[in-house]
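One structure is given here, and the rest of the page talks about it.
The values are calculated or read from the model by the stated rules, or taken from the named source; none is laboratory data. What you see is a predicted model; the values in this text were computed from it and never measured. No Cβ is skipped: glycine too gets one built from the backbone with ideal geometry, and neighbour counts run over all protein chains shown.
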Amino acid sequence: MAIIKVITPSVTDANITTAKVTDNAITLAKMASGTDGNIISYDASGNPVAIATGSDGQVLTSAGAGAPPVFETPASAVNTPSFLAYKTSAQSIADTTAVQVTFDTELYDSDGKFASNRFTPTVAGKYFIYAQLNMQATDGKYFETRIHKNGSLISYTQTHMGTVTYNAGSYIGEVIDSDDNDYFEIFTYHNSGASKNLAGDNRNSYFGAYKIIE
């Protein structure tokens with residue numbers, strides 16, 4: 001009896017062509033390992049390339065023709081610089097005199113833009129500037145919380161007092177445009193006829209700001 005030996009031809013790389021690969025034949029298990037979070041794209045030469053994993057909150061951004069996309073933090077999605085500072089001691093305010101308010105303690109300061117009682121964002125955009133002051137009773141007169149920009153008054157609120165013995169608060173908050181070199185300060189003013197104290201306890205006199213997401 002004759003013995004027939006079947007010889008299976010070897011398969012070379014040249015034999016594996018696109019036409020011989022069945023659709024959906026390549027499984028995930030057959031793909032090369034990569035880095036968690038990477039995305040496959042193509043470089044300027046049309047070759048596959050892995051896009052490096054971004055950070056939480058970043059978005060995939062086009063880098064234009066000839067370059068793979070990248071993960072970036074959208075500039076419009078950041079509401080910093082931001083800060084909040086408050087008083088911890090009383091401050092005497094002279095009668096009928098615009099006086100700059102001092103804030104000696106920072107609750108937070110995201111980019112270190114608050115110093116010497118002044119907020120200098122250095123990043124152009126729209127900012128919400130806010131402050132609250134707590135003034136000793138003004139004997140039936142009034143006092144103001146003022147926002148100054150680059151040394152000039154731009155906005156204020158006025159609180160009128162009756163004949164009372166307790167303190168009163170005055171709050172101001174406003175959206176203000178800022179260039180990269182503008183700065184902001186808080187001033188106060190009253191007409192009670194004698195020096196009065198701004199309170200400096202329980203964070204009831206404070207100054208803060210943050211960039212608005214546009």
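Some points to look at:
- The sole residue among Asp43, Asp56, Asp111, Asp95 that is of a type in the set (Asp, Glu) and in contact (Cβ under 8 Å) with a residue 60 or more places away in the chain is Asp95.
- Selected residue (only one of Asp104, Asp111 is in contact with a Lys or Arg (Cβ under 8 Å, 6 or more places away or on another chain), of a type in the set (Asp, Glu) and surrounded by fewer than 18 Cβ atoms within 10 Å (Cβ to Cβ)): Asp104
- Number of residues in the stretch 160-186 that are more than 25 Å from Asn79 (Cα to Cα) and either of a type in the set (Phe, Trp, Tyr) or buried (at least 17 other Cβ atoms within 10 Å of the Cβ) (or both) equals 5.
- Condition met for Asn197 (farther than 29 Å from Thr80 by Cβ and in a strand (DSSP E or B)): yes
- Out of Thr27, Thr35, Thr22, Thr53, sole residue that is at pLDDT 80 or above and within 26 Å of the chain's Cα centre (by Cα): Thr53
- Selection status of Ser170, more than 17 Å from Thr80 (Cα to Cα), within 28 Å of the chain's Cα centre (by Cα), free of Cβ contacts under 8 Å to residues at least 12 places away in the same chain and assigned by TED's automatic domain parsing to the domain that holds Ala85: no
- When the stretch 71-92 is filtered for residues that are modelled with pLDDT under 85 and exposed (fewer than 15 other Cβ atoms within 10 Å of the Cβ), the ones remaining, listed by number, are Glu72, Thr73, Pro74, Ala75, Ser76, Ala77.
- Where Arg118 falls short, out of the listed (1) touching a Ser or Thr at 6+ places or on another chain (Cβ under 9 Å); (2) surrounded by 14 or more Cβ atoms within 10 Å (Cβ to Cβ); (3) within 22 Å of Leu153 (Cβ to Cβ): (1)
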